Amino acid sequence: MSPKIPEPYAIQWLPTADGHQLYLEQSGAPDGIPVLYCHGGPGGASSPFHRSLFDPRRYRIILFDQRGCGQSKPLYSLTNNDTQHLVADMELIREALGIERWLVCGGSWGSTLALAYGQAHASRCLGFILRGIFLARDEDIQWLYGQEGGAAQVFPDFYRDFFEPIAGSELDDPIRAYHQLLHSDQHRTRLDAALAWSLWESRIASLRTHPAAFAGEQEEDAALALALIENHYFMHQSFLQPNQLLNGVAAIRHLPCILVHGRYDMVCKAENAWQLAQHWPQAELVWVEDAGHSASEPGITAALYQASVRMALKLGA
């Protein structure tokens, strides 16, 4: 069982050269193994819960909010908001904190970003712990948002609610149809679209749907940030080349990696984790048999914490 969630010992807003301010916090042991956690989305946010995934006696736990979301500023901004800028932001954080090498972790979109960063800056990485693997391929987007996608087949009732706002669109691509609504001149239209977009994902994220998600309870700012930024990235193939993350594994294959994936993950299909493991035979793949996608499901939370303990031993701490 993980210990009590530690409180941050340092909080700051780190300015970038192009006008963004990144929310950044540190907790745990200042002289511990530095670990950077990449939150999901894109457009989600860091959470105090993420601190609980690491032993604060062994790790210097670093969380940040990516551009346009969470406590980073300006909120909702899509300006210079792409994968390459996020990777550069991670290097900015590393340099600002005086860290030579760190463990890079992330879940869902955070796993995507962690892989992109690692493949660009392998010499700065100690290893990886990745959860709910998302490879950002067209097939992965279609699985989650397409009318014939796997998630829609498993949750046709929830997908009906997701599709309803765009049912009258002349566009046959849900991503592009939602883009029109999310960039409407009418705030109510934008907000309703954001709420429907975010609700779809939250409803299918756990093996057992959380009552709040089922009832449609959502925080408006968080929903807008998530929908706007996710849609922006998926409109642009996540600013990655086709199969970039699988093709780039050779750059990081020598580093230790633990993959954690819920067997019944409907947001990021299990084939993502399987394919990554096939390209990275040295990586340890942990299936959580009683879970879906969410890191807060007990089985996944426990698996991630145990992975951090094993990784600390691998790294000699």
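Do we find that A302 is assigned by TED's automatic domain parsing to the domain that holds G41 and either within 25 Å of R124 (Cβ to Cβ) or not in a loop (DSSP other than H, G, I, E, B) (or both) in this structure?
Numbers: assigned by TED's automatic domain parsing to the domain that holds G41: yes; either within 25 Å of R124 (Cβ to Cβ) or not in a loop (DSSP other than H, G, I, E, B) (or both): yes.
Against the criterion (assigned by TED's automatic domain parsing to the domain that holds G41 and either within 25 Å of R124 (Cβ to Cβ) or not in a loop (DSSP other than H, G, I, E, B) (or both)), A302 qualifies.
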### Query
Out of region 69-114, which residues are in contact (Cβ under 8 Å) with a residue 12 or more places away in the chain, within 24 Å of R58 (Cα to Cα) and of a type outside the set (A, V, I, L, M, F, W, C)?
E91, R94, E100, R101, G106, G107, G110, S111
### Query
Which numbered condition trips up A250, out of (1) in the same structural domain as Y76 (by TED's automatic domain parsing); (2) under 20 Å from the mean Cα position of the chain (by Cα)?
(2)
### Task
Go through region 95-136 and count every residue that is within 21 Å of W287 (Cβ to Cβ) and not hydroxyl-bearing (S, T, Y).
16
### Message
Can you pull out every residue in region 103-156 that is touching a Leu at 6+ places or on another chain (Cβ under 8 Å) and β-branched (V, I, T)?
### Response
V104, T112, I129, I133
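Every residue, every condition in (1) within 25 Å of L245 (Cα to Cα); (2) in contact with a Phe, Trp or Tyr (Cβ under 8 Å, 6 or more places away or on another chain); (3) modelled with pLDDT of 95 or more, yes or no:
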residue	(1), (2), (3)
P15	no, no, yes
Q21	no, yes, yes
P56	no, no, yes
D65	yes, yes, yes
#### Entry: Options L182, L207; residue that is closer than 24 Å to L75 by Cα, in contact (Cβ under 8 Å) with a residue 12 or more places away in the chain and not assigned by TED's automatic domain parsing to the domain that holds E271
L182
### Query
Looking at region 13-49, which of the residues that are surrounded by 15 or more Cβ atoms within 10 Å (Cβ to Cβ) and without any contact (Cβ under 8 Å) to a residue 60 or more places away in the chain is farthest from A227 (Cα to Cα)?
A29
### Task
Please enumerate the residues belonging to region 3-30 that are out of contact with any strand residue (DSSP E or B) (no Cβ under 7 Å at 6 or more places or on another chain) and more than 25 Å from T112 (Cα to Cα).
P3, K4, I5
### Query
(1) under 19 Å from the mean Cα position of the chain (by Cα); (2) of a type in the set (D, E, K, R); (3) farther than 25 Å from R310 by Cβ: which one isn't true of E271, the others all being true?
(3)
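Restricting the search to region 1-60, which residues are among the hydroxyl-bearing types (S, T, Y), under 19 Å from E91 (Cβ atoms) and either part of a strand (DSSP E or B) or over 22 Å from the mean Cα position of the chain (by Cα) (or both)? Walk me through it before giving the result.
Going through region 1-60, the residues among the hydroxyl-bearing types (S, T, Y) turn out to be 2, 9, 16, 23, 27, 37, 46-47, 52, 59.
Now drop any that are not under 19 Å from E91 (Cβ atoms), which leaves 16, 23, 37, 46.
Selection gives Y23, Y37.
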### Query
Just one of the numbered conditions (1) over 26 Å from A122 (Cβ atoms); (2) buried (at least 23 other Cβ atoms within 10 Å of the Cβ) is not true of N272; which one?
(1)
### Message
Please verify whether H261 is crowded, with 16+ Cβ neighbours inside 10 Å and assigned to a strand (DSSP E or B), treating the condition exactly as stated.
### Response
yes
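The values are calculated or read from the model by the stated rules, or taken from the named source; none is laboratory data. Quick caveat: nothing in here was measured; it's all calculated off a predicted structure. Every residue, glycine as well, gets a Cβ built from its backbone with ideal geometry; the counts of neighbours run over all protein chains shown.
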